Each structure stands twice: as C-alpha cells, then as structure tokens.
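My structure is below; once you've seen it, I'll send some questions.
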Amino acid sequence: MKSRPRKRAAPQSGAAKSEKLWGGRFAAGADPTAERFTGSLAFDRRLWPHDIAGSVAWAKALARAGLLSAAERDAIVRGLATVRDELAAGTFPYRAELEDIHTNIERRLQELIGEVGGKLHTGRSRNDQIAVDERLYLREVIARVRAGVRRVQEALVARAAETIEAPLPGYTHLQRAQPIVLGHHLLAYVFMLQRDRDRFGDCGARASAMPLGAAALAGTAFPIDLEALARDLGFAGVSPNSLDSVSDRDTLLEFLAAAAITAMHLSRLATDLTLWATAEFGFVEFSDAFATGSSIMPQKKNPDVAELVRGKSGRLYGNLVAVLTTMKGLPLAYNSDMQEDKEPFFDSVDTLEAIFAVVPPMLASLAFRTDRMRRAAAENFATATDLADYLVRKGLPFRQAHGVVGRIVRFCETEGKPLEGLGLVELRRFSPLFEDDAKDAVTVEASLRARAVTGGTAPDAVRRSLALARTLIARA
Ligand code: ARG
C-alpha cells in the first residue's frame with residue numbers, strides 16, 4: 001500500500017474551497033506556504049489596466065462570435081469598468097489568496113455582476129491572458145522608455161552645442177591620444193543612445209502580434225474573430241502559432257537586452273564623468289545638487305549619482321540573464337517558471353525610468369573646466385600624428401614619417417620640451433622635409449581642423465553631426 005502524507009484537513013466550508021479557480025478538481029485546500037510561494041499578486045498587480053483592456057476586448061469578441069448576448073456583453077463591460085474604477089481609485093479589495101491579478105479581477109467582476117461574470121473566461125486561459133497583458137504593457141512601456149532615452153539625448157545635445165569649440169585630449173588605452181572637442185565626445189553618446197532608442201522600437205514592432213486566442217496552448221475552440229480582436233487591442237496581427245504565443249518571452253528578452261545595452265552606454269558616460277571629476281583630471285565639477293559628501297572626510301564631494309547610474313547597469317544585466325536562464329530549459333508550452341519573468345522585467349522598467357529622471361538634470365548641472373581641458377589637450381605630444389601627417393603631405397611614406405616623429409618625441413622627452421618648442425633647425429636634423437610651416441601643423445587647432453571628414457572632430461564636422469543628431473532626435 002502506498003504511504004501518503006497525512007491528508008490536510010478539508011476546507012471548512014464549500015465557499016473557502018470554491019475560492020480557487022480549479023475548485024472542482026481539488027478535494028483539499030492549498031497549504032498556506034504553497035499559496036504564498038506560488039502567488040504573484042504582489043507584483044503582477046501592475047498589469048491591471050492591461051488585464052482589463054484585454055478582458056473588455058475579449059468580451060466583445062465573445063459577443064461577436066455569438067457566445068454572449070448583447071446584454072451579457074454589456075453587463076461584463078460595465079462591470080469591468082467598475083472594477084477599473086476601483087483599481088484606479090485604490091479601493092479595489094485585493095485578495096492575496098486569489099493568487100494573481102487575473103483571478104482577483106475576474107472574481108471581483110463576478111461579485112459585482114453575478115453569475116454572468118463567469119462567462120468571461122470562455123475559450124480563454126490565463127496562459128494567453130498573461131501573454132497579452134505583458135505585450136500590452138510592454139508596448140506602453142516602450143513608448144515611455146523611448147521618450148526617456150530621448151530626454152537624455154536632448155540633455156547631451158544641449159551640452160554638446162555649447163562645447164563644439166572646446167578642445168580636450170581624446171584617449172585610447174586611457175592614455176592621451178589626440179585632441180578632440182568636448183561636443184564630439186558628448187555626441188558620441190547621443191548616437192549610441194539613438195541606436196538604443198531604435199532597438200526599443202524594433203522590439204515594439206515584434207511585440208505587435210497578438211497572442212490572445214491561443215487559450216491554454218492549442219488555440220481556442222470557439223470561432224472567435226481573432227483579426228478583429230487584434231485590431232481592437234491595437235495589435236498589427238495575430239500570432240500564427242498558439243504554442244509559440246503562450247511559450248515564448250522573447251519580446252521581453254529583447255526589451256531586457258535593449259535595457260542592458262542602454263545601461264552599458266550610460267554606465268560608460270558615468271565613468272567618463274567620474275574620472276573627469278577627479279583631481280587628477282579636473283575636467284568637470286558636479287553641482288552640489290548631484291553630488292554627496294562624506295560622513296568622515298569634510299572635504300569630500302562624491303559623484304554618487306553618476307556612480308549609481310553605472311552601478312545600476314549590474315541589475316539591468318542581471319535581469320536579462322535571470323529571464324534568459326529561466327527560459328532556457330522549458331519544454332513547450334506554458335510552464336509556471338515563466339511567472340518569474342515579471343519581477344526582473346518590472347525592475348528593469350523601473351530602474352531605467354529612475355535613470356532617465358536623474359541623468360538629464362545631472363548633465364545640465366555639470367560645470368566643464370574647459371580651461372583645464374584645453375591645457376591638457378596640448379600636452380603629451382597629442383599632435384605627434386599631425387607632425388607625421390605633415391611629412392606624408394611632403395611625400396614621405398607614412399611608416400617612415402611615424403619613425404621620424406617617434407625619434408623626435410624621444411628627443412623632446414629627454415630635452416623636456418613640447419613638440420611646438422622645437423625650432424626648424426632642430427626639426428631638420430630629423431628630416432630635411434621640414435619647412436617653416438611645420439610648427440603650424442602641431443597646434444591643437446590645426447589638429448582638430450584637419451579632421452573634417454564625416455564623423456571627425458573638426459568643429460565644422462561636429463556642427464554637421466550635431467545637426468544630424470537633432471534631426472534624429474526630432475523623429476518619433
Ligand atoms: N501568473 C502566471 C504567470 O505569470 C499567469 C499564468 C498562469 N497560468 C497558469 N496556468 N498557472 O505566468
């Protein structure tokens with residue numbers, strides 16, 4: 001004989017038992033720890049506007065298919081409007097024992113309109129219901145997130161416009177490399193963020209297939225006009241495979257990936273700024289409003305906001321990896337594991353929105369020390385490439401020019417002189433090709449002006465890319 005754990009006490013009343021959606025099949029009630037463990041109301045409640053929208057459209061579709069009378073449809077739609085008002089007003093009686101937001105809403109509807117409320121779930125499952133709720137929410141969120149990215153772009157563009165003539169050293173390997181202008185550096189992030197904004201848009205386009213109608217997994221058994229339903233809910237079309245509809249979360253993953261990439265970009269911007277704010281660089285000062293002090297060191301001013309923008313990239317990456325990992329081993333079709341998509345997803349939405357709120361005003365309040373940048377741009381032989389390019393223009397193959405200027409730099413280092421400190425006689429010791437105009441080639445301004453190609457750091461080129469950035473940002 002099989003040994004079974006001692007039966008849990010049967011529920012006291014039929015009413016308690018019928019609280020569950022699956023009451024008919026179950027003789028015993030749920031263990032309270034199991035109930036707490038499986039419930040999702042604490043976090044999926046934010047989907048209520050989309051759950052109601054999906055249900056209203058579903059009720060209308062049922063009526064069109066002859067499954068609800070006009071009166072029944074109207075009662076359900078009116079009842080859902082009341083539920084919506086309660087939710088919006090904060091008077092909705094949430095019940096954690098009803099597991100999730102879908103069940104809470106459906107049960108409240110039944111309380112309000114009686115038995116006819118029980119017809120709403122005809123031909124539908126929570127599996128396609130959650131899929132459609134998440135897509136509706138995703139589309140709304142994408143619009144908000146793209147607007148947030150744009151606000152960061154606008155803040156960067158405003159600072160770039162002021163700093164097109166402001167030279168600073170550009171770096172490779174974190175070593176001074178060649179002069180650039182600050183506007184060029186800031187615009188680099190604007191174009192990165194433009195691709196981020198596009199990525200969110202692409203994700204939205206793929207989220208425009210409607211999963212409702214898949215029911216549990218095999219497709220609804222009722223003749224619902226899914227195309228009309230999709231139009232009603234603002235989807236571009238109907239998802240072509242019911243298993244796919246309820247099994248995948250790849251549109252969420254795309255969102256999480258786009259969020260992680262955006263966070264990576266802003267993290268690098270934050271690193272530039274925190275580095276520039278050090279005494280060693282001294283290129284920027286954070287305003288008091290976007291910095292913090294130390295509890296022990298009275299002199300400290302820390303770029304906390306920038307540091308935390310950088311730090312939050314960690315959770316945005318983590319959320320992507322969490323959902324990827326949750327999904328990777330799941331057999332088709334729906335599995336409860338997929339309930340674990342929500343908290344990482346919502347956390348990424350909230351974290352992005354927090355970042356987008358703080359970064360634009362922080363950028364606006366930065367004080368750039370362009371005098372110090374200007375000085376640094378002229379140091380450390382930053383225009384050595386320009387001297388080699390000078391020799392190239394006189395006909396010397398670049399490899400030889402590189403060697404000549406390398407020897408000049410070594411000479412200057414031992415002499416403790418800058419490049420522009422060398423006279424023509426000294427230069428000619430390294431190559432007879434040098435003439436009087438050589439000294440003009442090694443100024444910061446000449447170095448900048450030379451880089452006039454599309455995408456280069458010459459102020460005129462930067463002005464053109466600023467205009468392009470403004471055009472891209474103005475687009476929806
Ligand atoms: N809370 C569930 C989720 O987030 C909703 C779908 C539940 N479906 C089910 N068969 N248990 O995925």
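The values are calculated or read from the model by the stated rules, or taken from the named source; none is laboratory data. Remember, it's a predicted structure, so these values are computed and weren't measured experimentally. Note: ideal-geometry Cβ built from the backbone for every residue, glycine included; neighbour counts use all protein chains shown.
Identify all residues within segment 50-65 that are part of a helix (DSSP H, G or I) and in contact (Cβ under 8 Å) with a residue 60 or more places away in the chain; write none if there are none.
Matches in segment 50-65: His50, Asp51, Ala53, Gly54, Ser55, Ala57, Trp58, Ala59, Lys60, Ala61, Leu62, Arg64.
Going by the conditions given, is Gly314 in contact with a helix residue (DSSP H, G or I) (Cβ under 8 Å, 6 or more places away or on another chain), more than 16 Å from the ligand (Cβ to nearest atom) and either in a helix (DSSP H, G or I) or more than 20 Å from Leu253 (Cα to Cα) (or both)?
So Gly314 does not fit the description; no.
Which residue, of Arg144, Arg159, is more than 16 Å from the ligand (Cβ to nearest atom), touching a strand residue (DSSP E or B) at 6+ places or on another chain (Cβ under 8 Å), assigned to a helix (DSSP H, G or I) and farther than 14 Å from Ala474 by Cα?
Of Arg144, Arg159, the one residue that is more than 16 Å from the ligand (Cβ to nearest atom), touching a strand residue (DSSP E or B) at 6+ places or on another chain (Cβ under 8 Å), assigned to a helix (DSSP H, G or I) and farther than 14 Å from Ala474 by Cα is Arg159.
May I pose another question? Could you grab me the full set of residues in segment 312-350 that are touching a residue at least 40 places away in the same chain (Cβ under 8 Å) and under 30 Å from Phe286 (Cβ atoms)?
Hits for segment 312-350 are Lys312, Ser313, Leu316, Tyr317, Asn319, Leu320, Ser348, Val349.
Continuing with the same structure: Given the condition in contact with a strand residue (DSSP E or B) (Cβ under 6 Å, 6 or more places away or on another chain) and either at pLDDT 95 or above or acidic (Asp, Glu) (or both), answer yes or no: does some residue in segment 432-443 qualify?
no
In addition: Quick test for you: out of Leu120, Leu68, Leu87, pick the one residue that is more than 14 Å from the ligand (Cβ to nearest atom) and free of Cβ contacts under 8 Å to residues at least 40 places away in the same chain.
Going through Leu120, Leu68, Leu87 in turn, just one is more than 14 Å from the ligand (Cβ to nearest atom) and free of Cβ contacts under 8 Å to residues at least 40 places away in the same chain: Leu87.
Please pick out the residue among His265, His173 that is closer than 30 Å to Glu307 by Cα and free of Cβ contacts under 8 Å to residues at least 40 places away in the same chain.
None of the other options fit; the residue is His173.
Further, regarding this structure: Before we move on, is Glu111 more than 13 Å from the ligand (Cβ to nearest atom), part of a helix (DSSP H, G or I) and surrounded by fewer than 13 Cβ atoms within 10 Å (Cβ to Cβ)?
For Glu111, the condition - more than 13 Å from the ligand (Cβ to nearest atom), part of a helix (DSSP H, G or I) and surrounded by fewer than 13 Cβ atoms within 10 Å (Cβ to Cβ) - is met.
Being small (Gly, Ala, Ser) and either more than 11 Å from the ligand (Cβ to nearest atom) or surrounded by 15 or more Cβ atoms within 10 Å (Cβ to Cβ) (or both) is the filter; apply it to segment 321-356 and report the residue that is farthest from the chain's Cα centre (by Cα).
Going through the qualifying residues, I end up with Ala333.
While we're here: Can you confirm whether Leu266 is over 25 Å from the mean Cα position of the chain (by Cα), buried (at least 20 other Cβ atoms within 10 Å of the Cβ), assigned to a helix (DSSP H, G or I) and aliphatic (A, V, I, L, M)?
no
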